[in-house]
Amino acid sequence: MHPRTKLVGFFAVLCLMLFSSCKISQQQATTELRRAVLNNEIPKVRKYVRKGALVNHKDPKRGWSPLLYAAQAGHLEVAAVLLKNGADPGQTSDKDEVFPLQRAASNGYLELVDLLVRNGADVDQQDGRHRATAMMFASLNGHTEVVRYLIDHGALLNVRSNRGESALFIAVSAQQYEVVKLLLDQGANKHRPNIYGTTCLQKAKELQDEVLINVLIDK
């Protein structure tokens, strides 16, 4: 064989090997996507999506999707890339059955809440464990602007958890004064008791919180 022919053959094999090494499996791409999401590495998120990563795949340990991790961490641009490429905004986790809007609202990420709602997230979705909504978690943690946003986008005021607690009851229990005032101003029911027969006013009295007691009596 002519030396030049051997050289051409060698380079052909080398190119094939290099090309093969650049290809990764869908499983590998999906694993790398999750890592990139956790680290807020937007170029890598785009890269692994292009390489075929499954954007709705749940990790085996927690059963969380990439979008759920992005929502929990407040990674707005990452979430936008995932949603643009087919991530399901309503997908729940396997074990604790939480969902992206709930996690974003719980942490007060207003822009992320807006992104999820604009991409079809249900403002009244309830988790599987506590039947808790995004507004309940926002109320618990005192994120008044998130609560206001959810109300403005149609969230029901008097949805109740598996313990019969509304967002208002939860806000009272957590002594979140501004959220309590907002919910009352919007017409939340302050009289309906939880499954143990406790009303919002009774809860405020249990806490010996004169501010809450007066707010609940006056409104």
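The values are calculated or read from the model by the stated rules, or taken from the named source; none is laboratory data. Since the structure is predicted, the reported quantities are computational estimates derived from the model, not experimental observations. Glycine gets a Cβ as well: all are built from the backbone with ideal geometry, and neighbour counts include every protein chain shown.
Here are the numbers for this structure:
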item	result
Conditions (1) aliphatic (A, V, I, L, M); (2) closer than 18 Å to Leu67 by Cβ; (3) crowded, with 24+ Cβ neighbours inside 10 Å; number of the one not met by Ala138	(2)
For Glu97: the one exception among (1) on the phi > 0 side of the Ramachandran plot; (2) touching a Ser or Thr at 6+ places or on another chain (Cβ under 9 Å)	(2)
Output for the range 132-171, where each listed residue is of a type in the set (D, E, K, R) and over 20 Å from Lys190 (Cβ atoms)	Glu145, Asp152
Matching residues in the range 154-171 - criterion: being part of a loop (DSSP other than H, G, I, E, B) and small (Gly, Ala, Ser)	Gly154, Ala155, Ser161, Gly164, Ser166
Failed item in (1) in contact (Cβ under 8 Å) with a residue 12 or more places away in the chain; (2) within 26 Å of Cys200 (Cβ to Cβ), with Asp152 passing the rest	(1)
Residues that are surrounded by 23 or more Cβ atoms within 10 Å (Cβ to Cβ) and among the basic types (Lys, Arg), drawn from the range 94-111	Arg103
Residue check for Val215: among the β-branched types (Val, Ile, Thr), surrounded by 17 or more Cβ atoms within 10 Å (Cβ to Cβ), more than 30 Å from Leu67 (Cα to Cα) and over 18 Å from the mean Cα position of the chain (by Cα)	yes
Residues that are outside any helix (DSSP H, G or I), buried (at least 16 other Cβ atoms within 10 Å of the Cβ) and not small (Gly, Ala, Ser), drawn from the range 172-212	Gln176, Lys190, Asn194, Thr198, Thr199, Asp209
Helices (runs of 4 or more DSSP H) lying entirely in the range 64-128 (those with 2 or more residues that are under 19 Å from Leu140 (Cα atoms))	66-73, 100-106, 110-118
Residue match in the range 43-50 (condition: over 22 Å from Asp114 (Cβ atoms) and modelled with pLDDT under 95)	no
Positions within the range 172-189 being in contact with a Gly (Cβ under 8 Å, 6 or more places away or on another chain) and under 11 Å from Leu140 (Cβ atoms), in sequence order	Ala174, Gln176, Val179
Failed condition for His153, given (1) loosely packed, with under 14 Cβ neighbours inside 10 Å; (2) in contact with a Gly (Cβ under 7 Å, 6 or more places away or on another chain)	(2)
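To keep it simple, each residue is scored yes or no on (1) surrounded by fewer than 18 Cβ atoms within 10 Å (Cβ to Cβ); (2) not assigned by TED's automatic domain parsing to the domain that holds Ser161; (3) not charged (D, E, K, R).
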| position | (1), (2), (3) |
| --- | --- |
| Tyr48 | no, yes, yes |
| Asp59 | yes, yes, no |
| Pro66 | no, yes, yes |
| Ala71 | no, yes, yes |
| Gly90 | yes, yes, yes |
| Val113 | no, yes, yes |
| Ala132 | no, no, yes |
| Thr144 | no, no, yes |
